[in-house]
1. Taking the criterion of being over 19 Å from ILE377 (Cβ atoms) and either in contact (Cβ under 8 Å) with a residue 12 or more places away in the chain or acidic (Asp, Glu) (or both), would at least one residue in region 342-358 satisfy it?
2. I'd like to verify a number: residues in region 322-373 that are of a type outside the set (A, V, I, L, M, F, W, C), under 14 Å from ASN415 (Cβ atoms) and touching a Phe, Trp or Tyr at 6+ places or on another chain (Cβ under 9 Å), how many?
3. Considering region 44-84 alone, what residues qualify as being in contact (Cβ under 8 Å) with a residue 12 or more places away in the chain and among the small types (Gly, Ala, Ser)?
4. Of all residues in region 82-102, how many are loosely packed, with under 14 Cβ neighbours inside 10 Å and more than 21 Å from the chain's Cα centre (by Cα)?
5. Select from region 44-101 the residues that are hydroxyl-bearing (Ser, Thr, Tyr) and farther than 25 Å from PRO159 by Cα and list them in ascending order.
6. Does ASN113 count as more than 17 Å from PHE151 (Cα to Cα) and within 20 Å of the chain's Cα centre (by Cα)?
7. Do any residues in region 94-120 that are free of Cβ contacts under 8 Å to residues at least 60 places away in the same chain have Cβ atoms under 7 Å from those of residues that are assigned to a loop (DSSP other than H, G, I, E, B), where the two are at least six apart or on different chains, and which pairs are they?
8. So which residues in region 376-393 are part of a helix (DSSP H, G or I) and surrounded by 13 or more Cβ atoms within 10 Å (Cβ to Cβ)?
Amino acid sequence: MKLIKNTAINYPLLHESIEWIGSGFKNQKKNDLNVFEKSNDFSKNTRLLKTIFELKSFLEDESSLEKIIAFFQNLLRDILFLKEIQIFYFEENFISLIPLTNICDINYTNSINKAFADGIIDWIFEKKQTFVLPEVKRSKINESSLNMVLFPIYGAKKPKGILSVITPQKSIPTNSFEIEAVNMLLAMITNKIDLIREKEKINSVYTDLQLYQSKLANDFKLSAIGELTAGLVEDVISPVQVVLSSTKIIESDYENVDKEIIKTIYSQLDKIQNVASRLTKFANINNRNSNVFPVDLNSIITDYYNVVLSTLKYKDYECILDLETSIPPILTKSTYIHQLLTNFFSIMKSETGGGILIQSKFVGEKIIVNFITTDSITAQSLDANQKTNIKMMENLMNLHEGMLKIHNTKSGGTNFVLTFPLRRKIRK
């Protein structure tokens, strides 16, 4: 019922008012629903933007990988329903994946490396998308089934590592908002991680540089002492020889000389000669140690190749060099490398000739030299001279803190792998 006080104004009847409101809802455009959806996306984007600023602010002052990954995990809980996350990076030789933190369970790491061995990780990088590994091993019997969602991590457009998310979700759409959000935040995290790792490497190199500078200064002092010692020994030995000769003359020419005095003189001269001998040995050792310099392996290999080329042709051996350009020098003596090459070529004894490929390459912080030959060399086929040459090569590689490995190839040949580390232990 309507109570109308002013009869001069016309109002629609009640049923007409209701009809008008109903027609308004009926004729409302469908776009109103889209406006609601847009507001929902806007809310998501706003929340993501807030998360990005929060992460950016946290990363500015943080340098602990464990804290960064833990903070990243908490942020991802607002995007995905998850139990935990781990970030794995490839080793320098791309043989396996290792976790960035020390709190990762060994079974977790084994699962990731099994996926790598099975080709799943390679497939992820090839397709450039996430992958869900079902039924991760549960830590508790009553725990719900968990899955491992793997996100590829790139560096300079090359595979760098994997983000692994343990979640009860069985699948996540590839082009979903969640996947895009995780990848966006992951890019921020990996940039910071790379910066921290590079800084750690620089600090390590700087520390080594300081130690090497200190060692170089000490070696210089020892070298100066060695040169001074060598000069002193010469100055001492010459008068000793004169005294010794004069004593023998006196002993033979004068019969009345006290024999005890002559004996005492000889005894004291022996002491002087022993001291001089030790000083000479010290000077020689010091001079040998001071002859270690940075050496270009490629240059030595090429020079040696030019020397033995005619001999190899005479023995009907074809030798090919495949040396990587611009490899860094190693700290050694050139005579050591010459000896290694001599020992290797002395092992080749095929009467029908063959082929030799010499390769050098720079991998990580190591220089690897491969001697690949068509000769089949096994432990049973080695004669005494060949065993001696291999033993000498092993000893020389030990001096470089490297290693020698010998592999038989599928084609029936043999591969000698010499690994020279660039970073050597500091001998104080």
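The values are calculated or read from the model by the stated rules, or taken from the named source; none is laboratory data. The structure displayed is predicted, hence computed values, not measured ones. Heads up, the Cβs are rebuilt from the backbone with ideal geometry, glycines too, and the neighbour counts pull from every protein chain shown.
1. No; the residues of region 342-358 include none that is over 19 Å from ILE377 (Cβ atoms) and either in contact (Cβ under 8 Å) with a residue 12 or more places away in the chain or acidic (Asp, Glu) (or both).
2. Residues flagged as of a type outside the set (A, V, I, L, M, F, W, C), under 14 Å from ASN415 (Cβ atoms) and touching a Phe, Trp or Tyr at 6+ places or on another chain (Cβ under 9 Å) within region 322-373 amount to 5.
3. SER63
4. Residues that pass the stated criteria total 0.
5. THR46, THR51, SER57
6. So ASN113 does not fit the description; no.
7. ILE98/GLU91; ASN107/LYS137; ASN113/SER96; PHE116/SER96
8. GLN386, THR388, ASN389, ILE390, MET392, MET393, listed by residue number.
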